[in-house]
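In what follows, a single structure is set out as structure tokens and then discussed.
The values are calculated or read from the model by the stated rules, or taken from the named source; none is laboratory data. As the structure is a prediction and not an experimental result, all values here were calculated from the model. Cβ sites come from the backbone with ideal geometry, for glycine too, and all protein chains shown count toward neighbours. We work out accessible area using only protein heavy atoms, side chains counted, and drop any ligands, DNA or RNA first. Shrake-Rupley method; radii C 1.70, N 1.55, O 1.52, S 1.80 Å.
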Amino acid sequence: SRGPGVARIVAIDDEDLIRMLLMHALQGQGHDVIVAADGDAGLTAVADATPDLIITDLNMPGMSGWDVLATLKAGTDTVALPVIALSGNASDEDRQKGAAAGFSEFVGKPLDMAQLLAEIAKVLGTE
């Protein structure tokens, strides 16, 4: 069993550097992190790992973060999972669209890791 405030997180991003940064930062917080390079691999990881939280980039080749979210929201086991969106295009319009689609939080790129960690704590209820 994990300690208080420690989560299993699946992070999906097609950029190697972002995956490395996420892995490093989240593991540094004590989280159990699984990274995936695309939406399909991310959904497989979610099915295998039953995470507490998912972080996904929105703009990825193949399956986008929007598609990942829609798939999770359509599954009985995954409908309630919190999903944080990462986007280089974090306009107010995108944020509203993201909230309406069911994203828990919307974090802009370039990644502000402090903001992301704060959003994760908020989503996990450990802030």
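So the values come out like this:
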read-out: Percent RCO, i.e. relative contact order, over the range 26-127, from Cα pairs under 8 Å lying at least 6 residues apart; value: 21 percent
read-out: Gain upon complete extension [VAL6, THR126; 0.36 nm per residue less C-alpha separation]; value: 42.3 nm
read-out: Accessible area expressed per residue, the chain, with surrounding protein chains retained (probe 1.4 Å, Å²); value: 50 Å²
read-out: Contact order relative to length of the range 1-82, as percent, for alpha carbon pairs under 8 angstrom and 6 or more apart; value: 32 percent
read-out: Apportionment of accessible area to carbon and sulfur, the chain, percent (1.4 Å); value: 51 percent
read-out: Theoretical FRET efficiency, 1/(1+(r/R0)^6), r = Cβ-Cβ of GLN96 and THR50, R0 25 Å, to 0.05; value: 0.25
read-out: Over the chain, volume per residue of the alpha carbon convex hull, in Å³; value: 97 Å³
read-out: Pairwise FRET efficiency - SER64 versus HIS24, Cβ, R0 = 22 Å, nearest 0.05; value: 0.35
read-out: Along each principal axis, Cα extent of the range 65-127, largest first, Å; value: 32, 28, 15
